[in-house]
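The structure appears right after this line, and notes come after that.
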């Protein structure tokens, strides 16, 4: 297992079954840890920037384990509001909170005997971390609104793009949970750190989308590869995949050339500049910022967050209304039909 880069059987298996691509030294190290940890029940922490393939590795860990025939439940901790995350993970009893009109199993119960993948674990609220630590230690938990202990047999795989050691120092993440999660730690490298894998990734994504579109993929030019290897790839493998899929779909290209590439690569943004005379000629005094700020982007994020919160409130409102309608329906008395029995005798 020391030289997986040259093991064609392992490489082909990981590529065909899970979409794991890479023969570089850094990817080889990550794959070695994957294959060593998969058959065990050890908790695994997958770290790396956004777009490096953390969920793909989590799928592979489950698919190569003895739990592969049992459920694989994926949870994005950053996408669920803090007020709902505990209920979603551990379940709740009827009446545990406003809108809880029925008993509900959580993700951990759904994943019993299988694997649960907790993506963006660094976003998990501090209080919920305590319950997660208890499950990791004993397998026990209690549903929201209940004191009865339940037990599950679940393997936990977590992932984050944050530096959890820094979050521990800042008091945002429990140190004991951090140590418990990283029984095995797999670090996925940013694409710019293993650009030698770019040709393999391009061929894989291009062949996949070409097959879907019934096109014959004839390859990519050496100059095009050099252009791709010279890019920064802030979005990592995900960004490369999106570029290849978009380019082939729109161009119906069977052979990728520099001209085709340049039509789809976003131009680099110019450096931010500020006119030093702006504050002098303006009728309204302008505030002097030490760094350029993207006010519009901040407003968009804030608006989206407010919309998300409004949708959550609406869902709870409709759940409550539905519960009241059900209660009202039960209280309405439907009169029984009056049956008249005639005593007429002929």
Q | residue 153, sole failed condition from (1) surrounded by 14 or more Cβ atoms within 10 Å (Cβ to Cβ); (2) over 30 Å from residue 254 (Cβ atoms); (3) under 24 Å from the mean Cα position of the chain (by Cα); (4) touching a residue at least 40 places away in the same chain (Cβ under 8 Å) | A | (1)
Q: For residues that are within 29 Å of the chain's Cα centre (by Cα) and either in the same structural domain as residue 19 (by TED's automatic domain parsing) or in a loop (DSSP other than H, G, I, E, B) (or both), tally how many sit in segment 202-241.
A: 7
Q: Could you please give the count of residues in segment 173-182 that are at pLDDT below 95 and more than 20 Å from the chain's Cα centre (by Cα)?
A: 0
**Q.** Complete set of residues in segment 19-34 that are surrounded by fewer than 19 Cβ atoms within 10 Å (Cβ to Cβ) and over 11 Å from residue 197 (Cβ atoms)
**A.** 19, 29, 32, 33
Q.
Any residue at all in segment 95-102 that's assigned by TED's automatic domain parsing to the domain that holds residue 49, closer than 22 Å to residue 74 by Cβ and buried (at least 17 other Cβ atoms within 10 Å of the Cβ)?
A. no
Q | Criterion (touching a strand residue (DSSP E or B) at 6+ places or on another chain (Cβ under 7 Å) and either under 19 Å from residue 24 (Cα atoms) or crowded, with 16+ Cβ neighbours inside 10 Å (or both)) met by exactly one of 182, 193 | A | 182
Q.
Going by what's in this entry, would residue 40 be described as more than 21 Å from residue 204 (Cβ to Cβ) and modelled with pLDDT of 95 or more?
A. yes
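The values are calculated or read from the model by the stated rules, or taken from the named source; none is laboratory data. Given the structure is predicted, the values throughout are model-derived calculations rather than measurements. Please note: Cβ atoms are built from the backbone with ideal geometry, for glycine as well, and neighbour counts cover all protein chains shown.
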